[in-house]
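Colleague: Here it is, the structure, as structure tokens.
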Amino acid sequence: MSNYQKRILETPLYSKVDFNGFNLDEFLNTLFYNHKIEEFNESRGLNCYCIKCEKEVTFNAKNDESKLFVEIQNVIKDCNRNTNKIADSVCEILHRIPVIYRSYECPYDKTNTHDIVFCFKLEDYKLIKIGQYPPMIDLIKPEIEHIKDYDQDIYNELSCALNLSGQGMAIGAFIYLRRIIEKYIVLPAMDEKLNSETFEQQQIIRKSKSTFVAKFKYVKDKLPKNLAENENLFSVISRGVHSLTEEDCNKYFNTLFQTIKLIVNKKIRDIKEEEENKQLLLEINKINEDHPKH
């Protein structure tokens with residue numbers, strides 16, 4: 001997925017991206033598209049789930065021919081490609097626009113009923129995603145539907161996290177993800193590690209490892225590498241609830257979500273492989289029974 005797709009599709013609602021974090025071309029192509037104009041034709045496609053087709057498709061950016069787009073074009077021409085002047089003039093225009101719309105159409109639909117629409121606003125030189133339809137949970141939920149058969153509780157909590165993130169409740173969404181890591185990844189690893197200890201020693205260790213941070217560090221060698229070796233991610237998920245910021249939670253939400261998804265998917269694959277191996281062994285044994293050695 002390109003940087004444009006990530007910024008447009010995956011950015012949680014109400015998260016703020018500083019204008020200085022973009023170069024000018026990135027900024028303009030995030031907000032506008034026109035296939036006829038070279039400066040505005042980079043963010044042409046968006047790969048995601050279509051809720052009407054019920055499958056993954058590549059949505060095509062709709063051509064922007066609005067008055068706002070024409071005004072931005074004229075500014076670029078008037079500033080004679082002076083990047084600083086263009087940036088100042090574009091920001092001045094966009095600060096007085098209540099909503100900036102981006103639309104993508106499904107290639108299998110000619111009725112405009114499958115469209116994905118994103119809404120942005122520039123405020124205090126920060127780009128804010130203020131709306132999206134269909135909501136993120138409807139676009140991503142099919143990615144986790146198979147988890148329901150593996151563990152209904154994990155599926156439910158992932159769904160809650162996606163729903164809260166889609167409504168701009170970043171801290172609440174992040175807490176759900178952290179709870180999944182503690183309850184379904186860290187604690188099982190801890191139980192496995194404690195199996196070799198006596199009952200009395202288990203009680204002592206559990207009492208001394210009562211916090212999430214202590215548990216995480218105790219079983220770090222038993223955790224998947226993509227979780228255990230990411231120091232930045234650990235530093236965020238190990239913070240107390242009251243020290244979390246909306247900005248940090250928005251920034252790391254997708255990384256943590258994808259990490260959990262990878263870990264769970266691996267567990268599902270491992271279970272499937274084990275079942276296939278058992279089935280294969282049964283078939284081999286049956287062959288041996290049908291053809292005994294003499």
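Colleague: What would the Debye formula give as log10 I(q)/I(0) at q = 0.08 Å⁻¹ for the alpha-carbon point model of the chain, no solvent?
Modeller: With no solvent term, the Cα-only Debye profile gives -0.49.
Colleague: Give a residue-ordered list of calculated ³J(HN,Hα) values for the range 61-78 (Karplus: 6.51 cos²θ - 1.76 cosθ + 1.60, θ = phi - 60°; whole Hz; x for Gly, Pro).
Modeller: Listing the rounded values in order: 5, 7, 4, 9, 10, 6, 4, 4, 5, 4, 5, 5, 4, 5, 4, 4, 5, 5 Hz.
Colleague: Which links in Lys121/Lys220; Lys141/Lys286; Lys215/Lys251; Lys126/Lys261; Lys36/Lys110 stretch past 32 Å when you go from one Cα to the other?
Modeller: Values: Lys121/Lys220 42 Å; Lys141/Lys286 42 Å; Lys215/Lys251 24 Å; Lys126/Lys261 30 Å; Lys36/Lys110 21 Å.
Table pairs above 32 Å Cα-Cα are Lys121/Lys220; Lys141/Lys286.
Colleague: A further question on this structure: Just subtract the alpha-carbon distance of Thr113 and Thr255 from 0.36 nm times their residue separation and send over the number in nm, one decimal. Display every interim value, and only then the final one.
Modeller: Working: separation 142, 0.36 × 142 = 51.12 nm, distance 3.11 nm.
This chain segment gains 48.0 nm when fully extended.
Colleague: Shifting gears a bit: Report the Cα-based extents of the range 139-280 along its three principal axes, largest first, to the nearest Å.
Modeller: Projected onto the principal axes, the Cα atoms of the range 139-280 cover 46, 44, 24 Å.
Colleague: Return the long-range amide H neighbours of Cys50 (sequence gap of 5 or more, or a different chain), with a cut-off of under 5 Å between placed amide H atoms.
Modeller: Amide H to amide H, under 5 Å and 5 or more residues apart or across chains, Cys50 pairs with Lys55, Glu56, Val57.
Colleague: Let me ask something else. Cβ under 13 Å from Leu127's Cβ, Leu127 left aside: what net charge do those residues give with Lys, Arg +1 and Asp, Glu -1? Mind showing how you got there, number by number?
Modeller: Numbers: positive: Arg7, Lys16, Arg102, Lys121, Lys126, Lys129; negative: Asp18, Glu26, Glu123, Asp124.
Local charge sum for Leu127: +2.
Colleague: Using modelled amide H (1.01 Å from N, peptide plane; none on Pro or chain starts), what sits under 5 Å from the amide H of Gln132, excluding residues fewer than 5 places away?
Modeller: Amide H neighbours of Gln132, under 5 Å, 5+ apart: Cys119.
Colleague: What is the local net charge at Tyr33, summed over the other residues whose Cβ is closer than 10 Å to its Cβ (Lys, Arg +1; Asp, Glu -1)? Could the numbers behind the result be given before it?
Modeller: Details: positive: Arg44, Lys62, Arg102; negative: Glu42, Asp64.
Summing Lys/Arg as +1 and Asp/Glu as -1 gives +1.
Colleague: Tell me, what HN-Hα J-couplings in whole Hz come from the Karplus equation 6.51 cos²θ - 1.76 cosθ + 1.60 at θ = phi - 60° for each residue of the range 99-109, using x for Gly and Pro?
Modeller: Per-residue couplings from phi come out as 9, 10, 9, 10, 10, 10, 10, 6, x, 9, 10 Hz.
Colleague: Give me the mean projected area, in nm² to one decimal, of the convex hull enclosing the Cα positions of the range 3-134. Let's see the in-between values first.
Modeller: Working: hull surface 31.1 nm².
Average projection, Cα convex hull of the range 3-134: 7.8 nm².
Colleague: Using the 4.7 Å Cβ rule, please list in number order the cysteines from the chain without any candidate partner.
Modeller: Among the cysteines of the chain, those whose Cβ sits 4.7 Å or more from every other are Cys48, Cys79, Cys91, Cys106, Cys119, Cys160, Cys249.
Colleague: Counting alpha carbon pairs within less than 8 Å and at least 6 residues apart, what relative contact order, in whole percent, applies to the range 139-280? It would help to have the intermediate numbers written out before the result.
Modeller: Numbers: 87 pairs, mean separation 35.0, N = 142.
Answer for the range 139-280 is 25 percent.
Colleague: Could you go through the range 35-45 in sequence order and give the Karplus-derived ³J(HN,Hα) for each residue, using 6.51 cos²θ - 1.76 cosθ + 1.60 with θ = phi - 60°, rounded to whole Hz, and x for Gly and Pro?
Modeller: With the stated coefficients, the range 35-45 comes to 5, 7, 10, 4, 5, 10, 10, 7, 9, 7, x Hz.
Colleague: 222 nm [θ] for the chain, helices only, -39500 (n - 2.57) per DSSP H run of 4+, per residue, to 500? Intermediate values should be presented prior to the final figure.
Modeller: Details: 13 runs with 153 residues, N = 294.
Rounded to the nearest 500, the figure is -16000 deg cm²/dmol.
Colleague: Sort out for me the Cα centre separation of the range 145-218 from the range 122-137, rounded to whole Å.
Modeller: For the range 145-218 versus the range 122-137, the Cα centre distance is 30 Å.
None of the figures in this text is laboratory data; all of them are computed from the coordinates on show. Treat the numbers as computed from the prediction; the structure is a model and nothing was measured. Every residue, glycine among them, receives a Cβ derived from its backbone with ideal geometry; neighbour counts consider all protein chains shown.
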